[in-house]
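Structure first, then comments.
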Amino acid sequence: MDTAARPYRSVLYIPGSKERALEKAKSLPVDAIIFDLEDAVAVDEKVNARKLLAGTLAAGGYGQRAQIVRLNGMDSQWGADDLEAIMEIGPQAVLLPKVESIAQVETIAERLDAHPACADTQIWAMMETPRGILNSPVIATAHRMAGIVMGTNDLAKELNCRFRADRLPMQNALQTCLMAARAAGIVCIDGVYNAFKDDEGLQAECDQGRDLGMDGKTLIHPAQVDIANAAFAPSEAEIDLARRQIAAFEAAEAEGQGVAVVDGKIVENLHIVTAKATLAKAEAIAALA
């Protein structure tokens, strides 16, 4: 699937050390998986997780799901070995934790450039510190950068802010990174919702993320997938409106007019760009089924 059109509605974290979870993920209706070697893996399991994950990804079986490997930080005792092992299988993407400068990304990009198996490997960056947020417009432009993932739990700790249902303390950070991603033409994924049994709260946070313009949401439990998939997909009403806008605008153009009117609202070329993007996203989602 074309990377530019690929949906990222649901991005599920899976521990790289859990063989059963890795197998189950092959059947989940997620758009993308973050295979985690960092926070989800205990210290005494790091080495085994790295070997297990490399072998699992080499064997395949994940279909059209996007596959992203979160490495341990390069400043840790595991990061360099994680990268070395994962490069051997030519991963679709690697996710770097706590990115704070473009230099951190470029160092990894140079390593990938030098490895024959990684010609198409993307780099994604976790934005989870104040310095990372402030530098996100530059980080987003780095070579091989394809996506930003919001690390809202770590960021809340760094900011010493309170968790609120409206996420008011997070709004500046979320919007800063989203604008950085949009300016660079890359993906931006919202942070996790910790209360995985609270469907109502998850729905509200997904709706907020979608309203902001996020491409999808990172998830910590398979039970959260259906809500995220629905929230970040075009609704039937949006699809219908997009089709009617395109038809009305084309009819107006045929009559020499530069604008059309749909449901009492002006429709210009900029609305048609959005409408076509809506239909393209719906088609891409349908292709995953």
Condition check for A195: without any contact (Cβ under 8 Å) to a residue 40 or more places away in the chain, outside any helix (DSSP H, G or I) and of a type in the set (A, V, I, L, M):
yes
Residue hits (region 141-164; touching a residue at least 40 places away in the same chain (Cβ under 8 Å) and farther than 28 Å from C118 by Cα) are T152, N153, D154
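Matching residues to (1) in a helix (DSSP H, G or I); (2) over 17 Å from the mean Cα position of the chain (by Cα):
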| residue | (1), (2) |
| --- | --- |
| D211 | yes, no |
| K217 | no, no |
| N229 | yes, no |
| L241 | yes, yes |
| F249 | yes, yes |
| E253 | yes, yes |
| H271 | yes, yes |
| T274 | yes, yes |
Checking A247, A282, A289, A275 in turn, the sole residue that is out of contact with any Gly (no Cβ under 9 Å at 6 or more places or on another chain), open to solvent by 70 Å² or more (accessible area, probe 1.4 Å) and farther than 20 Å from I68 by Cα turns out to be A289
Between a first residue in region 66-90 that is of a type in the set (V, I, T) and a second residue that is modelled with pLDDT of 95 or more and open to solvent by 50 Å² or more (accessible area, probe 1.4 Å), which pairs have beta carbons less than 6 Å apart while being 6 or more apart in sequence or on different chains?
I89/A58
In the list A156, A173, which residue meets the criterion of being in contact with a Pro (Cβ under 9 Å, 6 or more places away or on another chain) and surrounded by 23 or more Cβ atoms within 10 Å (Cβ to Cβ)?
A173
Taking the conditions exactly as written (surrounded by fewer than 22 Cβ atoms within 10 Å (Cβ to Cβ), under 16 Å from A142 (Cβ atoms), out of contact with any Gly (no Cβ under 7 Å at 6 or more places or on another chain) and among the polar types (S, T, N, Q)), does T56 satisfy them or not?
no
Within region 59-72, which residues are crowded, with 17+ Cβ neighbours inside 10 Å, touching a helix residue (DSSP H, G or I) at 6+ places or on another chain (Cβ under 6 Å) and not hydrophobic (A, V, I, L, M, F, W, C)?
Y62, N72
Residue satisfying all of: in region 17-50; of a type in the set (K, R) and surrounded by 13 or more Cβ atoms within 10 Å (Cβ to Cβ); farthest from the chain's Cα centre (by Cα) among these:
K46
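The values are calculated or read from the model by the stated rules, or taken from the named source; none is laboratory data. Quantities reported herein were computed from a predicted structural model and do not represent experimental measurements. Positions of Cβ are backbone-derived with ideal geometry, glycine not excepted, and every protein chain shown enters the neighbour counts. Quick note on the areas: whole protein, heavy atoms, side chains included, nothing else; ligands and nucleic acids left out. Shrake-Rupley method; radii C 1.70, N 1.55, O 1.52, S 1.80 Å.
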